[in-house]
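Undergrad: Okay, here's the structure, questions in a sec.
The values are calculated or read from the model by the stated rules, or taken from the named source; none is laboratory data. Keep in mind it's a predicted model, so treat the numbers as computed, not measured. Glycine also receives a Cβ, built like all others from the backbone with ideal geometry; neighbour counts cover every protein chain displayed. Accessible surface is based on the protein model in full, side chains and every heavy atom, while ligands, DNA and RNA are left aside. Shrake-Rupley method; radii C 1.70, N 1.55, O 1.52, S 1.80 Å.
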Amino acid sequence: MKIVLRDAQVFSGNAFKKMDVLIDDGKISAIAPCVSVSGDVLSYDLNQCFLFPGFSDVHVHLREPGFSYKETIGTGTLAAARGGYTSVCAMPNLSPVPDSVEHLDEELTRIREDAVIHVYPYGALTVNEAGEELADISGMSAHVIGYSDDGRGVQDADLMREAMHQVKKTGRILSAHCEDNSLLRGGYIHDGDYARAHGHRGICSESEWGPIARDLKLVEETGCPYHVCHISCKESVRLIREAKARGVDVTCETGPHYLLMDDSQLQEEGRFKMNPPIRGKEDREALIEGLLDGTIDMIATDHAPHSAEEKSRGLEKSAMGIVGIETAFAELYTHLVKPGILPLQRLVELLTTAPGRRFGIGTTLEVGQDADLTAFELDTPYEIDPAEFVSLGKATPFAGDTVYGRCRMTMVNGRIVWQEHLIES
């Protein structure tokens with residue numbers, strides 16, 4: 001059946017225009033001020049909602065197989081659709097760890113059966129993500145978006161060098177969780193003012209930027225396409241900026257919580273605990289500067305659901321990780337776009353075309369393209385309420401925040417996979 005989306009503010013050509021959009025057989029077949037259709041057609045009035053290409057998140061944890069009490073492929077992808085995402089890259093800290101074609105197969109089967117959006121799995125970089133022996137990198141290459149030991153840093157430089165050589169041969173990307181275990185010293189929040197004032201053990205910034213500095217030298221040596229996961233501190237921004245100026249093949253991401261919060265806003269609750277941690281004010285300011293000057297290529301949520309019990313043990317003992325895929329656009333729009341810090345067009349680029357350029361996922365809002373779209377109503381404020389989340393995880397530092405930007409519809413290949421208060425006309 002044909003579908004026409006009427007009266008939308010369509011993001012096209014780096015600008016917004018009032019348009020109708022016609023979808024036929026899963027493709028965008030027309031974008032015009034007034035689309036005329038006949039025959040069997042389903043029409044929706046978007047009432048001036050903003051229509052974007054579906055968002056892409058290159059860093060999510062769907063927890064299945066192995067940890068379905070935290071999240072499933074079904075709940076995680078529906079939560080992503082509620083947040084406006086049509087493509088996500090799933091991290092490999094699963095059970096079994098996808099370190100071989102055999103271990104990857106169960107995840108691929110569940111994706112085919114249960115995902116409501118596009119899911120692109122990562123293969124593990126090392127066997128069981130243990131950092132001792134390389135995974136079957138060449139064998140998995142046809143089935144994965146890239147390789148990562150997310151959640152664990154590769155401690156051995158020689159092993160990382162060999163990993164880069166092998167990943168380069170596949171044409172995929174190495175996405176690195178950069179963390180020096182020798183510098184952690186039992187820390188669990190940022191080693192800053194809040195930790196010192198409240199008697200907490202801190203995680204120093206060098207535990208992140210030190211491995212980045214090491215890896216950037218290895219990238220220059222090997223030529224491997226290299227992506228840095230969830231950067232959180234000012235030194236990481238500087239190192240990546242300098243490497244890009246030298247022509248190093250590096251991209252990076254940061255998360256909404258690092259852009260919008262600093263450690264002065266921490267509370268004694270597990271919903272403020274993630275890895276890397278929320279850092280200081282100067283770090284947050286450096287990250288925003290990195291967004292504006294292009295050092296930071298994209299925003300990824302690091303959506304990491306846990307059970308309520310796992311997040312109920314305070315800052316010290318709660319599990320690392322928060323959810324974010326249902327709130328990312330609203331938080332970024334409210335606190336960066338509305339105050340004039342970041343243009344809306346730049347935010348859309350960070351969530352769509354930038355991850356598309358690097359990872360080859362997502363689509364554009366143009367005639368002939370797959371109808372992977374999302375519509376947001378931007379004018380009405382509402383409160384972030386974790387009880388409304390589709391995700392099984394409810395832990396977010398943004399609970400109770402008043403935001404703008406509610407997803408009214410998400411469409412994948414012309415099929416509506418999420419809708420809320422959308423009027424069929």
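Undergrad: Could you order ASP156, ASP20 so the one with the most accessible surface comes first? Probe is 1.4 Å.
TA: ASP156, ASP20
Undergrad: Obtain the nm distance between the two label points defined at TYR69 and GLU132 by a simple spin-label model: each point lies 7 Å from its Cα along the Cα-to-C-beta direction.
TA: For TYR69 paired with GLU132, the spin-label model returns 2.7 nm.
Undergrad: First measure r as the distance between the Cβ atoms of LEU183 and GLU366, then evaluate 1/(1 + (r/R0)^6) with R0 = 51 Å and state the FRET efficiency to the nearest 0.05.
TA: Once the sixth-power term is evaluated, E becomes 0.65.
Undergrad: Could you point to the label whose value was computed as Rg and Dmax of the Cα atoms in Å for the structure here, given (i) 23.8, 76; (ii) 20.1, 63; (iii) 20.9, 69?
TA: From the options (i) 23.8, 76; (ii) 20.1, 63; (iii) 20.9, 69, the structure gives (iii).
Undergrad: Moving to a separate point now. Suppose accessible area is computed on protein heavy atoms with a 1.4 Å probe; arrange SER205, SER95 from highest to lowest.
TA: Working: SER205 20, SER95 65 Å².
The most accessible residue leads, giving SER95, SER205.
Undergrad: Where in region 234-269 does the label zone of LYS281 land, with the point 7 angstrom along Cα→C-beta and an amide N cut-off under 18 Å?
TA: Hits in region 234-269 for LYS281 at 18 Å: 234-235, 258-267.
Undergrad: How many nm separate the modelled label positions at ALA245 and LEU42, each set 7 Å beyond the Cα in the direction of the Cβ?
TA: With each label placed 7 Å out from Cα toward Cβ, I get 5.3 nm.
Undergrad: Now, a different point. Report ³J(HN,Hα) in whole Hz for each residue of region 348-362, in order, from the Karplus equation J = 6.51 cos²θ - 1.76 cosθ + 1.60 where θ = phi - 60°; Gly and Pro get x.
TA: Each residue of region 348-362 in turn: 4, 4, 5, 9, 10, 5, 5, x, x, 4, 7, 9, x, 10, x Hz.
Undergrad: Counting only protein heavy atoms and a 1.4 Å probe, tell me what percentage of the chain's accessible area is made up of carbon and sulfur.
TA: Accessible surface attributable to carbon and sulfur in the chain totals 47 percent.
Undergrad: Return one whole number: the accessible area per residue of the chain in Å², for a 1.4 Å probe.
TA: So the chain comes to 38 Å² accessible per residue, rounded to a whole number.
Undergrad: Could you run the Karplus curve 6.51 cos²θ - 1.76 cosθ + 1.60 with θ = phi - 60° over region 273-288 and give me ³J(HN,Hα) per residue in whole Hz, x for Gly and Pro?
TA: 10, 8, 10, x, x, 5, 9, x, 4, 5, 5, 4, 5, 5, 5, 4
Undergrad: What do you get for GluC sites (Glu not before Pro) in region 196-304 restricted to DSSP loop and a cutoff of at most 12 other Cβ within 10 Å of the site's Cβ?
TA: Within region 196-304, the qualifying GluC sites (Glu not before Pro) (loop, at most 12 other Cβ atoms within 10 Å) are GLU268.
Undergrad: Which value, in debye to the nearest 20, describes the size of the charge dipole of region 35-119 about its Cα centre when Lys and Arg Cβ atoms bear +1, Asp and Glu Cβ atoms bear -1, and nothing else is charged?
TA: The calculation lands at about 300 debye.
Undergrad: Using the structure shown, list the pairs from LYS273/LYS311; LYS273/LYS317; LYS217/LYS281; LYS273/LYS338 with a Cα-Cα distance above 18 Å, or answer none.
TA: Pairs exceeding the cut-off: LYS217/LYS281; LYS273/LYS338.
Undergrad: Once fully extended, how much extra length lies between ARG238 and MET1, figured as 0.36 nm per residue of separation less the alpha-carbon to alpha-carbon distance?
TA: Numbers: separation 237, 0.36 × 237 = 85.32 nm, distance 5.10 nm.
So the extension gain works out to 80.2 nm.
Undergrad: Given H placed on each backbone N at 1.01 Å, which residues far from CYS252 in sequence or on other chains put an amide H within less than 5 Å of it?
TA: Amide H neighbours of CYS252: VAL228, ASP297, MET298.
Undergrad: Next up: By the gyration tensor of its Cα atoms, with a ≥ b ≥ c the square roots of the eigenvalues, what is the shape of region 109-229: rounded for a/c under 1.5, prolate for a/b over b/c, or oblate?
TA: In terms of gyration-tensor shape, oblate.
Undergrad: Under a Cβ-only charge scheme (Lys and Arg +1, Asp and Glu -1), can you give me the dipole magnitude of the chain about the Cα centre, in debye to the nearest 20?
TA: My answer is approximately 680 debye.
Undergrad: Among residues other than GLU316 whose Cβ falls under 10 Å from its Cβ, what is the net charge (Lys/Arg +1, Asp/Glu -1)?
TA: Value of the local net charge: +3.
Undergrad: ³J(HN,Hα) across region 38-51 via Karplus (A = 6.51, B = -1.76, C = 1.60, θ = phi - 60°), whole Hz, x for Gly/Pro?
TA: Karplus values, whole Hz, x for Gly and Pro: 9, x, 7, 9, 10, 10, 10, 8, 7, 6, 6, 4, 7, 9.
Undergrad: Relative to the Cα centre, what is the charge dipole magnitude of region 109-215, using +1 at the beta carbon of each Lys and Arg, -1 at the beta carbon of each Asp and Glu, and rounding to the nearest 20 debye?
TA: The dipole of region 109-215 has a size of about 220 debye.
Undergrad: Using alpha carbon centroids, what distance separates region 123-170 and region 342-378, in Å?
TA: Result: 29 Å between the Cα centres.
Undergrad: Could I ask something else about it? With a 1.4 Å probe and every protein chain left in place, tell me how much accessible area THR222 has, in Å² to the nearest 10.
TA: 10
Undergrad: May I ask you to compute the full-extension gain from THR380 to LYS18, defined as 0.36 nm times their residue separation minus their alpha-carbon distance, rounded to one decimal in nm? Walk me through the numbers before you get to the answer.
TA: Values: separation 362, 0.36 × 362 = 130.32 nm, distance 1.93 nm.
Contour length minus the Cα-Cα distance gives 128.4 nm.
Undergrad: How about region 239-344: which trypsin sites (Lys or Arg not before Pro) there lie in a loop by DSSP and see at most 11 other Cβ atoms within 10 Å? Can you show the working numbers first?
TA: Details: sites: ARG241, LYS244, ARG246, ARG271, LYS273, ARG279, LYS281, ARG284, LYS311, ARG313, LYS317; in loops: ARG246, LYS273, ARG279, LYS311, ARG313.
Filter output for region 239-344: ARG246.
Undergrad: Another question about this same structure. Points 7 angstrom from Cα along the Cβ direction at SER312 and ARG201: gap in nanometres?
TA: A separation of 2.5 nm, rounded to one decimal place.
Undergrad: Can you tell me the orientation of helix 206-222 relative to the chain, as the angle in degrees between its alpha-carbon axis and the longest Cα principal axis, to the nearest 10?
TA: Helix 206-222 sits roughly 80 degrees off the main axis of the chain.
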